[in-house]
1. Mind listing the long-range amide H neighbours of V26? Cut-off is under 5 Å, sequence gap 5 or more, other chains count too, H placed in the peptide plane at 1.01 Å from N.
2. Based on the Cα gyration tensor of region 110-248, what are the three equivalent ellipsoid semi-axes, each the root of five times an eigenvalue, rounded to whole Å and given largest first?
3. Quantify, in whole percent, the carbon and sulfur part of the accessible surface of region 2-223 (1.4 Å probe; protein heavy atoms only).
4. How big is D for the chain, in µm² s⁻¹ as a whole number, if Stokes-Einstein is applied with the Kirkwood radius of its Cα pairs at 4 °C and 1.567 mPa s?
5. Which entries of K2/K197; K8/K102; K117/K225 show an alpha-carbon separation above 23 angstrom in the structure shown?
6. Taking each pair of distinct Cα atoms in region 1-145 once, what is the resulting Kirkwood hydrodynamic radius in Å?
7. Give me the percent relative contact order of region 2-223, please, defined on Cα pairs under 8 angstrom at least 6 residues apart.
8. Using Cα centres only, tell me the gap between region 197-212 and region 81-133 in whole Å.
Amino acid sequence: MKVLVPVKRVIDYNVKARVKADQTGVDLANVKMSMNPFCEIAVEEAVRLKEKGAATEVVIVSIGPAQAQETIRTALAMGGDRGILITSDADLEPLAVAKLLKAVVAEEQPGLVLMGKQAIDGDNNAVGQMLSALLDWPQATYASAIEISGSAAKVTREVDGGLQTLDVDLPAVITADLRLNEPRYASLPNIMKAKKKEIAQKTVADYGVDVAPRLTVVKVTEPPKRSAGIKVESAADLVSKLTTAGVL
């Protein structure tokens, strides 16, 4: 079974995002970029499936600027077999990304699309669900455990009330949650090997997909700064202030 893993290049999660002065978006100049953490978890799970013999090939695909090739190389160093880079200087909306991934699926014919549940930049949590709808494939989101058995997958997912277990027929779209696994660090030999692995260069035009934006960003602002707290002398003072504030 071939596993297709979409990955995204985002601002590193350790970096504090800064809003542009004109409030049109987030400032990406001279900012450290890395693979989206949820995508990294998806890559790790795909590689583990291959190590277990449930998958035969792990294909990494990314949509973004030319620098996204570095993100693909990181995934290849973790154990991916080959990559596909669809270059786009525009930050595409979830629907456009889902349409492009649908076209990639039509070419690659994977048995499973395994991806992060969301990207930490837009936090849309939409591409996996949209791709499933466009492909008319079963979907299982927020996966915390995946077991492949023949032509089906058993997925444990986290819901508000606890854990839910689903059986989905393959091919399917599965999105990875935080507790699915802990991604490995790529070893130096694997990093060197990744430099020789194939990355096919594509453009949005190659797929003939309509990626025209449907949304308009009105304004991007930082969250309001929290006011400083106060110290109380005793538990009685705390109760009094909470009562006055209407909390108790």
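1. The answer is K20.
2. Calculated on Cα positions only, the semi-axes equal 42, 24, 21 Å.
3. 50
4. 65
5. Listed pairs above 23 Å: K117/K225.
6. Radius from the Kirkwood sum: 15.6 Å.
7. 27
8. Taking the Cα centre of region 81-133 as reference, the centre of region 197-212 is 12 Å away.
The values are calculated or read from the model by the stated rules, or taken from the named source; none is laboratory data. None of the values given here were measured: they were computed from a predicted structure. Every residue, glycine as well, gets a Cβ built from its backbone with ideal geometry; the counts of neighbours run over all protein chains shown. Accessible surface is based on the protein model in full, side chains and every heavy atom, while ligands, DNA and RNA are left aside. Shrake-Rupley method; radii C 1.70, N 1.55, O 1.52, S 1.80 Å.
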